[in-house]
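One structure is given below, encoded as structure tokens.
Rule-based calculations on the coordinates, nothing more; no lab input. Because the structure is predicted, anything quoted here is derived from the model rather than measured. Backbone-built Cβ (ideal geometry, glycine too); neighbour counts: all protein chains shown.
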Amino acid sequence: MPQDHSAPRLRVAILGCTGSIGAQALDVCRRHPDELEVVALSAHSRTAELVANAREFGIRRAVVTDPAHASDPVLNELPVICALSTGKEGVLDLVRHDDVDCVLNAIVGSAGLEASHAALCAGKRLALANKESLVVGGDLLMPLAAPGQLLPVDSEHNAIFQCLMGDNTRDVHCIWLTCSGGPFFGRTETDLASVTVHDALAHPTWNMGAKITIDSATLMNKGLERIEAMHLFGVPLDDIRVLIQRQSKIHSMVEFVDGSVIAHLGASDMRIPIQFALSYPERWSTPAPRVDFRQLGSLEFAAPDPDAFSCLALAERAGREGRTLPCVLNAANEVAVDAFLHERCSFVDIARVVEATMDAHRIEDVESIQQLRAIDIWARERARYALSSLGCA
Ligand code: NDP
Ligand code: MG
């Protein structure tokens, strides 16, 4: 579709602008000044980067969510027109502001849940990278989303969204959710006991934040993404199948009842799905590299190994049971991944901590954001107890 130059610019707020997705979202905005206007930004701790971005884009509002960084001297260098606020409430006010059309939520972890909820309640377009919002609160968020209001940024879900354009999800036989396999593809459970943080951070195809990189190594990321897809597309968990695609060139596929399979292919560059979530229903050019399929040679597929990657089974259990169990899965995983990143537990302890925390939870129906926040806090405490029971400092 040709670009409509008479249309007003989409006014975008980027939450988590200092992270991997946030930086790439800013790059998309930088390249499309006629279509996109960055009006507001949030960061948690990296205030110098926030200030640099605020100055470059001349934004009107900035939020620092970590109270420990709310008075960093560098914040005095924010542009004069830029109002500064702090904490979670600051993000919610920013999201609801009249001059924001679209919220790109690139916060990491369940800390992003309230902002996604506020964006949908306020009728904003939600370009959602923060998959944890849907894993934890999909039951609350999906009924709030009008058609075309919630655009997934996660590359697989963005791909599935594109494969489904013009089709009815009633006609879906299954979704093939692709996965690179991560740095430990082909390793056994025994091999994984001794892998280091350095090994786990060496993802073969994507350069991402630390938490999602570890989730990609344990395959918890794929488990979370099955739950995310279940909510987004209303497809049963059993019909969302994980498929290893080593080259990360097929970003996912949808198989329809008539046997047709539609795949989304392209370069492994997150600016493509980020941009599509902002340009939809239009398509704009990107500087992302092109795939020359004549050079590519082959596309390899495999099934994941459920014995070596037990996080997949834990996420399946959480997705199947539903209700408040995915909230507990996610919170325990965040605590365990943080402990692994700080070398306080082993790689295989991550699944042990998540399982022990899930076992201790009495599942409830999801009723409110406040209830989910209380369960998230409980699960974090319980996961820390599980870590200490395993002898982790
Ligand atoms: P990063 O760790 O690179 O960035 C996280 C961002 O969130 C930073 O801006 C950080 O601020 C901010 N942040 C951290 N903690 C909090 C908090 N408690 N409250 C508010 N903001 C906080 O992560 P990624 O960019 O890799 O991932 C962001 C989200 O996107 C995740 O949900 C991830 O699963 C998803 N995603 C990422 C992909 C990728 O390629 N990276 C692909 C698909 C999905 P600061 O840095 O200032 O401390
Ligand atoms: Mg993904």
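Looking only at region 166-214, residues that are in contact (Cβ under 8 Å) with a residue 24 or more places away in the chain, more than 20 Å from Ser310 (Cβ to Cβ) and of a type in the set (A, V, I, L, M, F, W, C) come to 7 in all.
Ala331 meets the conditions (1) surrounded by 24 or more Cβ atoms within 10 Å (Cβ to Cβ); (2) not in a helix (DSSP H, G or I) in every case but one. The failed one is (2). One residue alone among Glu35, Glu49, Glu56, Glu77 is over 29 Å from Ser155 (Cβ atoms), more than 16 Å from ligand 2 (Cβ to nearest atom) and of a type in the set (D, E, K, R), and that residue is Glu77. Of note, Ala288 does not satisfy the criterion of being in a loop (DSSP other than H, G, I, E, B), within 30 Å of Val354 (Cα to Cα) and out of contact with any strand residue (DSSP E or B) (no Cβ under 6 Å at 6 or more places or on another chain). The number of residues in region 124-170 being within 16 Å of Val235 (Cβ to Cβ), within 14 Å of ligand 2 (Cβ to nearest atom) and not in a helix (DSSP H, G or I) comes to 2. Applying the condition of being touching a helix residue (DSSP H, G or I) at 6+ places or on another chain (Cβ under 9 Å) and of a type in the set (S, T, N, Q) to region 201-222 and asking which residue is surrounded by the most Cβ atoms within 10 Å (Cβ to Cβ) yields Thr218. Say whether the condition of being within 26 Å of Asp307 (Cα to Cα), in contact (Cβ under 8 Å) with a residue 24 or more places away in the chain, within 12 Å of ligand 1 (Cβ to nearest atom) and not basic (Lys, Arg) is met by at least one residue in region 240-257. The answer is yes, given that some residue of region 240-257 is within 26 Å of Asp307 (Cα to Cα), in contact (Cβ under 8 Å) with a residue 24 or more places away in the chain, within 12 Å of ligand 1 (Cβ to nearest atom) and not basic (Lys, Arg). Residues in region 137-159 that are within 13 Å of ligand 1 (Cβ to nearest atom) and more than 25 Å from Thr324 (Cα to Cα) were compared, and the one that is surrounded by the fewest Cβ atoms within 10 Å (Cβ to Cβ) is Ser155. Once region 37-61 is narrowed to residues that are among the β-branched types (Val, Ile, Thr) and not in a loop (DSSP other than H, G, I, E, B), the residue that is nearest to Ala111 (Cα to Cα) is Thr47.
Within region 100-108, is there a residue that is touching a residue at least 12 places away in the same chain (Cβ under 8 Å), over 20 Å from the mean Cα position of the chain (by Cα) and surrounded by 15 or more Cβ atoms within 10 Å (Cβ to Cβ)? Taking every residue of region 100-108 in turn, at least one turns out to be touching a residue at least 12 places away in the same chain (Cβ under 8 Å), over 20 Å from the mean Cα position of the chain (by Cα) and surrounded by 15 or more Cβ atoms within 10 Å (Cβ to Cβ).
The residue pairs whose first member lies in region 111-140 and is free of Cβ contacts under 8 Å to residues at least 60 places away in the same chain, whose second member is within 15 Å of ligand 2 (Cβ to nearest atom) and assigned to a strand (DSSP E or B), and whose beta carbons are closer than 9 Å, counting only pairs six or more residues apart or on different chains, are Ser116/Asn105; Ser116/Leu128; Ala119/Asn105; Ala119/Leu128; Leu126/Asn105; Leu126/Leu151; Ser133/Asn105. Residues that are surrounded by fewer than 16 Cβ atoms within 10 Å (Cβ to Cβ) and either on the phi < 0 side of the Ramachandran plot or small (Gly, Ala, Ser) (or both) occur at least once in region 272-281.
For region 354-372, a residue qualifies if it is within 20 Å of Glu114 (Cα to Cα) and touching a residue at least 40 places away in the same chain (Cβ under 8 Å), and the qualifying residues are Glu364, Asp365, Val366, Ser368, Ile369, Gln371, Leu372.
Scanning region 187-232 for residues that are in contact with an Asp or Glu (Cβ under 8 Å, 6 or more places away or on another chain) and either near ligand 1 (Cβ under 10 Å from one of its atoms) or among the charged types (D, E, K, R) (or both) turns up Glu189, Lys211, Asn221, Leu224, Glu225, Arg226, Glu228. What's the number of the condition Cys345 fails, among (1) surrounded by fewer than 23 Cβ atoms within 10 Å (Cβ to Cβ); (2) part of a loop (DSSP other than H, G, I, E, B)? All conditions are met except number (1).
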